[in-house]
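Asker: This is the structure, below, for whatever I ask next.
Nothing in this text is a laboratory measurement; each read-out follows from the coordinates by a stated rule. Since the model is a prediction, treat every value here as computed from it, not as a measurement. Neighbour counts run over all protein chains shown; Cβ positions are idealised from the backbone, glycine included.
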Amino acid sequence: MLHIIKNKEIKIGATIFSAIFLFLLDRFLKNWALFTLYNERVVVIKKWLYFDLYKNENIAFSLPLPKFILIPVVILIIILLIYYLIKFIKKEFSLREIALILIIIGALGNLADRLRYGYVIDYINFRFWPVFNLSDVLISIGIIILVAFLFNNRKK
């Protein structure tokens, strides 16, 4: 008997594949930055966008938080997000789940840096904004999608 794949299952499979790809891309870019940008700056758009190696020992926007607090808090947040993701995915698959996945992948990418190096590897430098990385982008996009989803559902 053939098992017919439901549309939800295809979406979940594609999302898992995309999440793994994004995590591996983040790892690749951070390793590239770590080994290529050491004592070197790559000019992408002069006076606007550079690739610089920055070792960020703090949290968002370089705000300080002791590591003995930071790592357990990040792990707890990731566990809670995975719990809610599993809970919601059983019922439906929407932008909310994609937002949670992006946040989880970004948090895992930065956590991997903290556990391996003791800091997060940042490399995208817009000069007018704190230096960041792909994981930070994924977290930010996930939060924007999640907030938009929540506001949209609140109106209904």
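Asker: Could you tell me which GluC sites (Glu not before Pro) in the range 37-137 are loop residues by DSSP with no more than 12 other beta carbons within 10 angstrom of their beta carbon?
Answerer: GLU40, GLU92
Asker: Which order do the peptides 18-25, 129-136 come out in when sorted by mean C-beta neighbours inside 10 angstrom, highest first?
Answerer: Answer by packing, highest mean first, reads 129-136, 18-25.
Asker: Between the DSSP loop rule and a limit of at most 13 other Cβ atoms within 10 Å, which trypsin sites (Lys or Arg not before Pro) in the range 18-100 are left?
Answerer: ARG41, LYS46, LYS47
Asker: Of the chymotrypsin sites (Phe, Trp or Tyr not before Pro) in the range 31-103, which ones lie in a loop per DSSP and count no more than 13 other C-beta atoms within 10 Å?
Answerer: Within the range 31-103, the qualifying chymotrypsin sites (Phe, Trp or Tyr not before Pro) (loop, at most 13 other Cβ atoms within 10 Å) are TYR38, TRP48.
Asker: Also, quick follow-up: Pick from LEU102, LEU146, LEU65: which is most flexible by mean-square fluctuation in a GNM of the chain where alpha carbon atoms under 10 Å apart are linked?
Answerer: Fluctuation is largest for LEU65.
Asker: Calculate how steeply helix 95-117 sits against the longest principal axis of the alpha-carbon atoms of the chain, using the helix alpha-carbon long axis, and give the answer as 0 to 90 degrees to the nearest 10.
Answerer: Approximately 40 degrees, to the nearest 10.
Asker: Helix 67-91 versus the longest principal axis of the chain: what is the Cα-based angle in degrees, 0 to 90, to the nearest 10?
Answerer: Approximately 30 degrees, to the nearest 10.
Asker: Shifting gears a bit: Which angle from 0 to 90°, rounded to the nearest 10, does the C-alpha axis of helix 7-36 make with the longest principal axis of the chain?
Answerer: Computed tilt is about 10 degrees.
Asker: What 222 nm value per residue comes from the helices of the chain, counting each DSSP H run with n ≥ 4 as -39,500 (n - 2.57) and dividing by all residues, nearest 500 deg cm²/dmol?
Answerer: -22500 deg cm²/dmol
Asker: Could you tally up the Lys pairs in the chain with alpha carbons closer than 17 Å? Skip any pair fewer than 8 positions apart unless they're on separate chains.
Answerer: 10
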